[in-house]
Amino acid sequence: MAEGTLVDKRLFWAQENALPVPVRTVFRGIGQVFFQENAITGILFAVGIALSSPAMGFGAILGAAIGPALAWCFRFDKSELSAGIFGFNSTLVGIATFFFFQPGGASLALLAGGCIIATLLTRVMRTSVPFPTYTTPFIVTTWCLFFLGNAWKVVPVDPSQGPLLPTLHLGHFLDSTTNGIGQVMFQASLWTGLLFLCGIAINDRRHAALVVAGSIIGMLLASHHVSEAMKSLDPERLIERNMFDNIRLGLYGYNATLVAVALFLWRRSLIPSLLGVLLTVPLTEMIPLAGLPALTAPFVLAAWLVMAIAAVEEKFGKKLGEKLFGPTAAPCKEEAEPSTPSA
């Protein structure tokens with residue numbers, strides 16, 4: 001690495017570490033939604049959300065504060081607390097509450113209760129489950145809030161409501177790609193997607209590349225069998241609209257962006273990431289059929305499926321191969337002991 005790059009990176013981290021500890025912890029929690037332990041990344045994420053929806057931006061910061069505050073009160077692991085681990089699920093709960101329901105007393109109560117439950121679930125799952133649980137606490141909690149809010153007649157958000165800052169339309173391909181990044185936090189906005197991408201890139205350019213690739217592949221896979229007249233359920237709002245509109249809104253790309261990074265962190269190989277991305281699209285189509293918003297469930301399920309396949313292959317692959325095809329032949333002497341070339 002060039003000396004100038006090293007100096008820039010040190011200055012960047014110095015700026016991040018200069019933030020007050022509570023502020024750094026809150027914004028690292030927002031950054032961890034995309035697996036980025038970086039408060040400056042989290043700040044860019046929060047700005048991106050607020051430009052699209054001030055209410056959801058407020059919900060993100062409130063959720064990102066409630067989770068770590070609760071973790072601090074209960075004396076959860078200090079290193080995980082500092083890294084933002086107890087903030088990302090509550091961040092997503094805070095955003096999701098104001099995605100589904102108008103701000104008000106009832107929705108604030110749902111938000112606060114949901115953030116507390118999601119944080120406690122994060123702790124329980126991290127200490128009792130032997131594999132990554134990712135955003136499972138957010139998914140379970142938000143499904144409960146979704147049904148509770150509807151049962152209590154909490155005022156819903158108008159599905160036709162667009163982003164606060166007018167967005168540009170750059171064609172189906174670019175709209176779908178950037179929206180696929182922004183939709184990880186419920187935003188269909190070019191500006192939000194670009195700010196998210198910048199936030200990821202300043203922390204890890206490889207992750208930024210994976211996010212873009214995941215969004216593009218998810219969009220292409222969802223598009224391959226679509227006709228102009230085809231209708232489908234919006235995986236989040238659970239309303240029927242034109243399939244092309246759902247794809248353009250990034251609804252088949254955002255889970256792919258998450259699983260691409262998650263599986264690359266699990267195994268430094270592109271093959272698991274690609275397999276996970278391919279699995280997210282059919283899962284995104286199936287989950288809403290059960291009457292549940294997809295949220296990030298396709299990402300989590302796809303990651304678990306890939307990990308399960310790898311575990312089965314590691315445990316039984318060699319033995320099964322030997323049973324079906326016979327034991328692996330020992331290398332011949334010439335292969336095992338290559339001759340030394342003469343001087």
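Please treat every number below as a calculation from the coordinates, not as lab data. This structure is a prediction, so every number in the text was calculated from the model and none was measured. Here the Cβ is made from the backbone with ideal geometry for all residues, glycine too, and neighbour counts use every protein chain on show.
May I ask you to evaluate 6.51 cos²θ - 1.76 cosθ + 1.60, the Karplus curve with θ = phi - 60°, for each residue of region 256-266 and list the ³J(HN,Hα) values in order in whole Hz, giving x for glycine and proline?
Taking θ as phi minus 60°, the curve returns 5, 5, 5, 5, 4, 6, 4, 6, 5, 5, 6 Hz for region 256-266.
Using only Cα atoms, tell me the angle between helix 54-73 and the longest principal axis of the chain; keep it within 0 to 90° and round to the nearest 10.
70 degrees
Hey, what angle do you get for helix 136-151 against the long axis of the chain, alpha-carbon based, 0 to 90 degrees rounded to 10?
Once rounded, the angle reads 30 degrees.
Would you please put 114-122, 131-139 in order of how densely packed they are, using the mean number of other Cβ atoms within 10 angstrom per residue and starting with the highest?
114-122, 131-139
Using 7 Å Cα-to-Cβ label points, what is the Leu170/Val21 separation (nm, one decimal)?
According to this spin-label approximation, the distance is 4.1 nm.
Please determine, in degrees from 0 to 90 and to the nearest 10, the orientation of helix 21-31 with respect to the longest principal axis defined by the Cα atoms of the chain, where the helix direction is its Cα long axis.
70 degrees
Could you please rank His169, His207, placing first whichever residue has the fewest other Cβ atoms within 10 Å of its Cβ?
His169, His207
Under the rule a/c < 1.5 gives rounded, and otherwise a/b versus b/c splits prolate from oblate, where does region 174-223 land using the Cα gyration tensor?
oblate
Measure out, as a whole number of angstrom, how far apart the alpha-carbon centroids of region 275-310 and region 45-109 sit.
24 Å
Enumerate the amide H contacts of Phe101 below 5 Å, restricted to partners 5 or more residues apart or on another chain; note that Pro and chain-start residues carry no placed amide H.
Val157
Using DSSP to call loops (not H, G, I, E or B), can you name the GluC sites (Glu not before Pro) in region 192-292 whose Cβ has at most 15 other Cβ atoms within 10 angstrom?
Glu228
Of Asp158, Asp234, Asp175, how do they rank once you tally other Cβ atoms within 10 Å and put the fewest first?
Result, fewest neighbours first: Asp158, Asp234, Asp175.
For the chain, with a Gaussian network of springs between Cα atoms less than 10 Å apart, report the residue from Ser160, Ser53, Ser189 with the top mean-square fluctuation.
Ser160
If you place +1 on the Cβ of every Lys and Arg and -1 on the Cβ of every Asp and Glu, how big does the dipole about the Cα centre of region 171-323 come out, in debye to the nearest 20?
540 debye
Rank by packing, highest mean first: peptides 190-203, 302-315, 24-37, with packing defined as the count of other Cβ atoms within 10 Å averaged across residues.
24-37, 190-203, 302-315
Would you tally the net charge around Ile85, using a Cβ to Cβ cut-off of less than 12 Å, leaving Ile85 out, and scoring K and R as +1, D and E as -1?
Residues close to Ile85 contribute a combined charge of +1.
For Rg and Dmax of the Cα atoms in Å, the listed values are (1) 22.2, 87; (2) 19.9, 64; (3) 19.6, 59; which was obtained by calculation from the structure presented?
It is the value labelled (1).
Using a Förster distance of 56 Å, how high is the FRET efficiency between Trp72 and Asp245, based on the Cβ-Cβ distance and rounded to 0.05?
The computed FRET efficiency comes out at 0.85.
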